[in-house]
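The values are calculated or read from the model by the stated rules, or taken from the named source; none is laboratory data. What you see is a predicted model, and the numbers here were worked out from it, not measured in a lab. A quick note on method: Cβ atoms are made from the backbone with ideal geometry, for glycine too, and the neighbour counts reach across all protein chains shown.
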Amino acid sequence: MKYIQEPARSIPVRDEVDVLVVGGGPAGLMAAQAAALVEGTSVMLIENRGSLGGNMTQGLPLLGFLGRKGNEVIKGLPLKFVERLRERGQATHHRACPLHVSLTMIDPEGTKRLAWEIMEECGVKVLMYVMCVDTIVEDGRVRGVIIESKKGREAILAKCVVDCTGDGDVAFRAGAPMAYGNDQGIAQPPTLMFSMRGVDSRKLRDAVADHPDIYDIDFIPNEFFRADDNCTMVGFRNQVREARKQGYKLPVERTIFMTGMAPDEWWVNMSRVNGVDATDPEQYTRGEELCIKQNDEIVRYLKAFIPGFENAYVDRVAPFMGIRETRRIIGEYILTEQDIFDCARFPDVIGVASYPVDLHHPVGGDCTLMWCPDCYDVPYRSLVPKDIDGLLCAGRNISATHLALASVRVMGPAMCLGEAAGKAAALCVREGVEPRKLDVARLQQALREEGVYFRP
Ligand SMILES: Cc1cc2nc3c(=O)[nH]c(=O)nc-3n(C[C@H](O)[C@H](O)[C@H](O)COP(=O)(O)OP(=O)(O)OC[C@H]3O[C@@H](n4cnc5c(N)ncnc54)[C@H](O)[C@@H]3O)c2cc1C
């Protein structure tokens, strides 16, 4: 590799705030709101895309709001967000599901809109189209970040930074210890979601319910799908096998699609490109290119093999290829899959999650789900990176093993952990302490006051 020397230069400090949240996805939105609700805290949220919501804008259902016993385990600000969407007809109820535990459909455009409204209501300064490209670290403490935009390079100084980039960009740039993917350093594969409209949903549901002999569905009894309600259909392995025999090039062993907000709308989650490191733009680009090609073939397959799709057409394509996994921090505690299966309790719990370990195999085309019997605590220490101060992390870059991340990464827990990290950051600023020194009982009290669920 050839290198050039970049000359040192002065760059303008464009803002100085108490709490800076980097990344406006489900974790970042909740972090910014939670921090701003601590009186007197100035909060800024930066986002490199042109809309707020991150993966909430991809047509995916929110997973994880209900526990395996059917009770709401995600409450607090995330639940208030969903309730406001629901009042506008832009979110459904949480439907209990034997496979995915619960599904809450949301409207991507409504989500973007509501995110803006909430940021405005609670006085968060939002800056879009800026990428956090570096950090300002002094004496082992993050003092702010460097951003790049059309305007050039600028700095934002903050008393505490919350990394909600999904990829741990801030922590990585700050030199915090990180992990990536599984033991072989391979991450779960990305997917480019798309929706189809014009699906004859009644025909689809009745065919699946009436013919379990033809339409094999993973785990869930076929009759579940007859009701006109939220669902994700996972299966049709027979159809995939038959299509492959006929020469269709399908990247997955089974078919996955889920209801959208409109009666004839289904979102398809079937492309996959193994071995892509989405922190490398070359690989991200090639992956996206491959997904686009795969989706053409998937559309052809659905129309030919799945009842009700005969006259369906592609309506929307997700704004970007969705990333399941890249870097995660190594924090003061690493959440493990055993914690999940044991329904672990921690004295420094800041949120409760229940979603199964949902692993899209990094190699091959299959997926495995392993359930937690009830729900598990996420400890505050999993949000605190080792060896660096002034920084907290939330969302899919928290400190967890590869398998534990396959559970805690979904949007319900991501929102819940975002709320905890944002609140913690604001309390650290108010009390003048580093995140690893924060009085967690004080944080738990603040989260309880906001309605966050803790087990009795
Ligand atoms: C294909 C796919 C299907 C999934 N299915 C589901 C599902 O059905 N239900 C569910 O609940 N979860 C699902 N998930 C998981 C879930 O969507 C994510 O794990 C979750 O969104 C993580 O939230 P986050 O806030 O950490 O990250 P993200 O949603 O990725 O948000 C991160 C935000 O940070 C911004 N950002 C990143 N880097 C920078 C930077 N350097 N500077 C500035 N901004 C930056 C991004 O633009 C983005 O807006 C799925 C994921 C994928 C990829």
Just give me the residues in the range 36-83 being without any contact (Cβ under 8 Å) to a residue 60 or more places away in the chain and at positive phi, in sequence order. Gly70
Considering only residues that are touching a Cys at 6+ places or on another chain (Cβ under 9 Å) and away from the ligand (no atom under 16 Å from the Cβ), which ones fall in the range 219-248? Phe224, Phe225
Please verify whether Pro251 is assigned to a loop (DSSP other than H, G, I, E, B), over 22 Å from the mean Cα position of the chain (by Cα), away from the ligand (no atom under 16 Å from the Cβ) and not acidic (Asp, Glu), treating the condition exactly as stated. no
Could you please tell me which pairs satisfy a Cβ distance under 6 Å, a separation of 6+ or placement on different chains, a first residue in the range 216-243 that is in contact (Cβ under 8 Å) with a residue 24 or more places away in the chain, and a second residue that is among the small types (Gly, Ala, Ser)? Asp218/Gly235
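Tell me which residues, restricted to the range 133-187, are acidic (Asp, Glu), in a strand (DSSP E or B) and more than 16 Å from the ligand (Cβ to nearest atom).
The one that is acidic (Asp, Glu), in a strand (DSSP E or B) and more than 16 Å from the ligand (Cβ to nearest atom): Glu138.
Residues of the range 9-49 being in a loop (DSSP other than H, G, I, E, B), at pLDDT 95 or above and not β-branched (Val, Ile, Thr), which ones?
Residues satisfying the conditions are Ser10, Pro12, Gly23, Gly24, Gly25, Leu37, Glu39, Gly40, Ser42, Glu47, Asn48, Arg49.
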Go through the range 206-218 and report how many residues are away from the ligand (no atom under 16 Å from the Cβ) and either in contact with a Gly (Cβ under 8 Å, 6 or more places away or on another chain) or not in a helix (DSSP H, G or I) (or both). 8
If the Cβ limit is 9 Å and pairs must be 6+ apart or interchain, which residue in the range 307-325 that is at positive phi pairs with which residue that is basic (Lys, Arg) and more than 16 Å from the ligand (Cβ to nearest atom)? Gly308/Arg202; Gly308/Lys203; Gly308/Arg205
Residues located in the range 304-358, provided they are over 18 Å from the mean Cα position of the chain (by Cα), among the small types (Gly, Ala, Ser), crowded, with 18+ Cβ neighbours inside 10 Å and in a loop (DSSP other than H, G, I, E, B): Gly308, Ala312
Among the numbered conditions (1) small (Gly, Ala, Ser); (2) in a loop (DSSP other than H, G, I, E, B); (3) farther than 28 Å from Leu192 by Cβ, tell me where Gly365 comes up short. (3)
